[in-house]
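What follows is a single structure, written as structure tokens, with notes after it.
Readers should treat all values here as calculations from the given coordinates under stated rules, not as data from a laboratory. Everything numeric here is computed off the predicted structure, so don't read it as measured data. So basically every Cβ, Gly included, is an ideal-geometry build from the backbone, and we count neighbours across all protein chains shown.
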Amino acid sequence: TGKTVILITHSVEEAMFFADKVYLMSAKEHTITKTYEVNMPRPRDIEGEAFLHLRKEILHEIRNQMAVM
């Protein structure tokens with residue numbers, strides 16, 4: 001429909017399943033620290049290699065940010 005929707009979630013999988021872009025925010029400054037393009041066809045295969053690879057990448061970045069806190 002060409003409309004933009006903003007979904008805020010703590011679930012990496014949910015963000016990847018619904019979004020074309022996932023924005024990672026910092027815990028302290030509440031700023032966007034990284035943007036991930038979710039270039040996967042719909043419906044998304046949550047067990048597929050591309051989905052799992054991107055999930056791992058995002059979780060790795062979250063862990064790195066948490067280690068710095």
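Go ahead and set up a Gaussian network model of the chain, Cα springs under 10 Å, then flag whichever of 19, 27, 50 fluctuates most.
27
Please compute the modelled spin-label separation between residue 26 and residue 67, points set 7 Å along Cα→Cβ, answer in nm with one decimal.
Inter-label distance under the simple model: 1.8 nm.
With unit charges on the beta carbons (Lys and Arg positive, Asp and Glu negative) and the dipole taken about the Cα centre of the stretch 7-69, which residue among 65, 24, 39 sits farthest to the positive side?
65
For the stretch 4-11, what does the Karplus curve 6.51 cos²θ - 1.76 cosθ + 1.60, with θ = phi - 60°, yield as ³J(HN,Hα) per residue in whole Hz, taken in order and with x for Gly and Pro?
Working through the residues one at a time gives 9, 10, 10, 10, 9, 8, 9, 9 Hz.
Sequence gap at least 6, Cα distance under 8 Å: using those rules, report the relative contact order of the chain to the nearest whole percent.
Result for the chain is 24 percent.
Report Rg (one decimal) and Dmax (nearest whole number) for the chain, counting Cα atoms only, units Å.
12.6, 41
Determine the dipole magnitude for the chain: charges of +1 sit on the beta-carbon of Lys and Arg, -1 on that of Asp and Glu, nothing else is charged, the reference point is the Cα centre, and the result goes in debye to the nearest 20.
Around 180 debye, computed over the chain.
Provide the per-residue ³J(HN,Hα) series for the stretch 33-38, in order, calculated from phi with Karplus coefficients 6.51, -1.76, 1.60 and θ = phi - 60°, each as a whole number of Hz, with x at glycine and proline positions.
9, 7, 10, 10, 7, 9
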